[in-house]
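Here's the structure we're looking at; comments come further down.
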């Protein structure tokens, strides 16, 4: 049996403010294999983002084990993580291609090769021809595509996505779901995708981890047995409905 790329066991996180302790994550335990696209779904405020920040190394954890990487794929957090947030967070004074290049500049990577990679990634996310535009010239969905290209430009092993499509309208969000699946299949990266959208979690995930209301507790962890490539019409299939009803039941939303 192969070693998981991400291993969490009994992870707990406590926030302490003015002498008051708040348990944000309780006993989170799961594995993620290299190349998976795993959805983390749960209600707002349940600790999904906190868990993502622990995996990213942005927050310490108070108990449990967090291990990322394997003997075959050693892991350097400063080099091997790409992050996509709910807002694109593009620098308004930099052109699109220069926004995409920012991680490569910070890491001191060769700029000529990185610029060529940035152009390739902009083609991959459907932004060919927009390289010299400024963020205000792009729609919200296009800006988020640029932020995905930025997360990939330094060729990280792990992409962490924190409700990246939550601010988009419903139609654009569905288009971005399709785009993300295309990018994932082409780039062959491990992706953790945080969402409070139940259908989005099932549509995107090779596997879905369900977190209950805060503090984040593991409610379920199941594989989505729906073949790729996926199209929007799978949402009308009975199997898709079974997966979504399973999550609704776990979260007490029936």
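Data for the structure
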{"item": "Exposure proxy ranking, count of Cβ atoms within 10 Å, fewest first, for 224, 84", "result": "224, 84"}
{"item": "Residue exposure sequence - 115, 18, 123 - by fewest surrounding Cβ within 10 Å", "result": "18, 123, 115"}
{"item": "FRET efficiency for residue 213 and residue 94, using Cβ-Cβ distance with R0 set to 51 Å, rounded to 0.05", "result": "0.80"}
{"item": "Pair residue 239, residue 62: separation of 7 Å Cα→Cβ label points (nm)", "result": "4.2 nm"}
{"item": "Segment residue 86-residue 188, length gained on full extension (0.36 nm per residue, minus Cα span)", "result": "34.5 nm"}
{"item": "Estimated 222 nm signal from helices in the chain, with DSSP H stretches of n ≥ 4 weighted -39500 (n - 2.57), rounded to 500", "result": "-10000 deg cm²/dmol"}
{"item": "Computed over the chain, the ratio Rg/Rh where both radii use C-alpha atoms and Rh is Kirkwood", "result": "0.97"}
{"item": "Estimated inter-spin distance, residue 249 and residue 31, nm [label 7 Å along Cα→Cβ]", "result": "2.6 nm"}
{"item": "Burial order of peptide ranges 144-153, 2-11 (average beta-carbon count within 10 Å, highest first)", "result": "144-153, 2-11"}
{"item": "Footprinting exposure proxy for 178, 138 (fewest neighbouring C-beta atoms within 10 Å first)", "result": "178, 138"}
{"item": "Acute angle (nearest 10 degrees) that the helix 140-152 long axis makes with the longest principal axis of the chain, alpha-carbon atoms", "result": "90 degrees"}
{"item": "Distance between modelled label sites at residue 16 and residue 178, nm, 7 Å Cα→Cβ extension", "result": "5.1 nm"}
{"item": "Relative contact order of the chain, defined on C-alpha pairs under 8 angstrom at six or more residues apart (%)", "result": "26 percent"}
{"item": "Tilt relative to the chain, helix 238-250 - C-alpha long axis, 0 to 90 degrees, to 10", "result": "60 degrees"}
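The numbers here are math on the coordinates, done by the rules we state, and not lab data. Here the structure is a predicted model, which is why all the values come from computation and not from measurement. No Cβ is skipped: glycine too gets one built from the backbone with ideal geometry, and neighbour counts run over all protein chains shown.
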